[in-house]
Amino acid sequence: MKVTDVPIIGLLDNSEGQMKKFKMAKDDIEVDSINNFLTKWQSKKIQPYRTTEDLPDEQPEDYKIVVEANYKEIVLDNKNDILVILFNPNDELSTKLIKEFHEVIGKLKSQKGVNENIVFVKINGTKNEIEHLEDKNILRIPALFLIPGNNKNKLIFYSGNINSEDICDFIENNSFHPIERDDL
């Protein structure tokens, strides 16, 4: 039997009110290894499995593409305000929101040195499960939210009209750092 023919053994755990997935190595499915996997899970010595894309080879100039592996570095390990769009690339509403997201970037990042304390982040919500976002009550994709520079555990969700002007107002009213706008 080839390794690719071996089934995957996984465990779904909802004991803490949040669904977590645990995945056993598929090349080691023996009774002893299954018992070892369950023992490690019970003693919380294994990390949950999360779907994630690989790190991007290059980052766009105006925004960051975030996956589980670079979330901490780009979002948490600084004092910047972070505007995040969590999207589904196959969804019409996500496509419309992404277009407005890019217009907002154009309005707020048009001059070098202006608004350097805001970082724009795109996360493909269909391919990336981010640990820090698991318990944040994100109910739908697409989602647009601001993480203020002075409180990285706070997500302020945008629920207004999908247009760049209203999104700029949202950022201006909720960011920790002052925002300068070209359109004023």
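The values are calculated or read from the model by the stated rules, or taken from the named source; none is laboratory data. From a predicted model like this one, the values you see are computed outputs, not experimental measurements. Because the Cβ atoms are built from the backbone with ideal geometry, glycine has one as well, and the counts that use them run over all protein chains shown.
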Exercise for the section: Check segment 52-60 and report whether any residue there is within 30 Å of Asn150 (Cα to Cα) and either assigned to a helix (DSSP H, G or I) or in contact (Cβ under 8 Å) with a residue 24 or more places away in the chain (or both). Expected result: yes
Problem - Among (1) modelled with pLDDT under 85; (2) loosely packed, with under 11 Cβ neighbours inside 10 Å; (3) hydroxyl-bearing (Ser, Thr, Tyr), the one test that Ser43 misses - result: (1)
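Here is a yes/no grid of residues against (1) without any contact (Cβ under 8 Å) to a residue 60 or more places away in the chain; (2) more than 21 Å from Leu76 (Cα to Cα); (3) part of a loop (DSSP other than H, G, I, E, B):
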{"residue": "Glu103", "(1), (2), (3)": "no, yes, no"}
{"residue": "Gly106", "(1), (2), (3)": "yes, yes, no"}
{"residue": "Asn115", "(1), (2), (3)": "no, no, yes"}
{"residue": "Ile138", "(1), (2), (3)": "yes, no, yes"}
{"residue": "Leu146", "(1), (2), (3)": "no, no, no"}
{"residue": "Gly149", "(1), (2), (3)": "no, no, yes"}
{"residue": "Pro178", "(1), (2), (3)": "yes, no, yes"}
Practice task
Take segment 121-155 and flag every residue that is hydrophobic (A, V, I, L, M, F, W, C) and either surrounded by 15 or more Cβ atoms within 10 Å (Cβ to Cβ) or in contact with a His (Cβ under 7 Å, 6 or more places away or on another chain) (or both).
Solution key: Val121, Ile123, Ile130, Leu133, Ile138, Ile141, Ala143, Leu144, Phe145, Leu146, Ile147, Leu155
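Counting only residues that are polar (S, T, N, Q) and touching a residue at least 40 places away in the same chain (Cβ under 8 Å), which one in segment 88-101 is surrounded by the most Cβ atoms within 10 Å (Cβ to Cβ)?
Of all residues in segment 88-101, those polar (S, T, N, Q) come to 88, 90, 94-95.
Cutting the leftovers down to touching a residue at least 40 places away in the same chain (Cβ under 8 Å) gives us 88, 94.
On the way: Asn88: 16, Ser94: 21.
Among residues in segment 88-101 that are polar (S, T, N, Q) and touching a residue at least 40 places away in the same chain (Cβ under 8 Å), the one surrounded by the most Cβ atoms within 10 Å (Cβ to Cβ) is Ser94.
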Exercise for the section: For residues that are surrounded by fewer than 17 Cβ atoms within 10 Å (Cβ to Cβ) and in contact with a Lys or Arg (Cβ under 9 Å, 6 or more places away or on another chain), scanning just segment 62-76, find the one that is farthest from Asn151 (Cα to Cα). Expected result: Asp62
Exercise for the section: Inspect all residues belonging to segment 84-103 and state whether any of them is more than 20 Å from the chain's Cα centre (by Cα) and modelled with pLDDT of 85 or more. Expected result: yes
Handout entry: Residue within segment 21-32 that is touching a residue at least 40 places away in the same chain (Cβ under 8 Å) and not assigned by TED's automatic domain parsing to the domain that holds Asn128 present
Key = no
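Out of Thr126, Thr95, which single residue is among the β-branched types (Val, Ile, Thr), on the phi < 0 side of the Ramachandran plot and part of a helix (DSSP H, G or I)? Show your work before the answer.
Numbers: Thr126 fails: part of a helix (DSSP H, G or I).
Every option except Thr95 fails the conditions.
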Exercise for the section: Give the residues of segment 156-172 that are of a type in the set (S, T, N, Q) and surrounded by fewer than 17 Cβ atoms within 10 Å (Cβ to Cβ), sorted by residue number. Expected result: Ser159, Asn161, Asn163
Practice task
State whether the residues of segment 67-80 include one that is among the aromatic types (Phe, Trp, Tyr) and in the same structural domain as Thr126 (by TED's automatic domain parsing).
Solution key: yes
Problem - Residue within segment 24-45 that is closer than 24 Å to Pro142 by Cβ and either in contact with a His (Cβ under 9 Å, 6 or more places away or on another chain) or not acidic (Asp, Glu) (or both) present - result: no
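Here is a check on your reading of the model: is Lys72 part of a helix (DSSP H, G or I) and in contact with a His (Cβ under 9 Å, 6 or more places away or on another chain)? It would help to see each step written out before you state the result.
Working: part of a helix (DSSP H, G or I): yes; in contact with a His (Cβ under 9 Å, 6 or more places away or on another chain): yes.
Judged against the criteria, Lys72 is a match.
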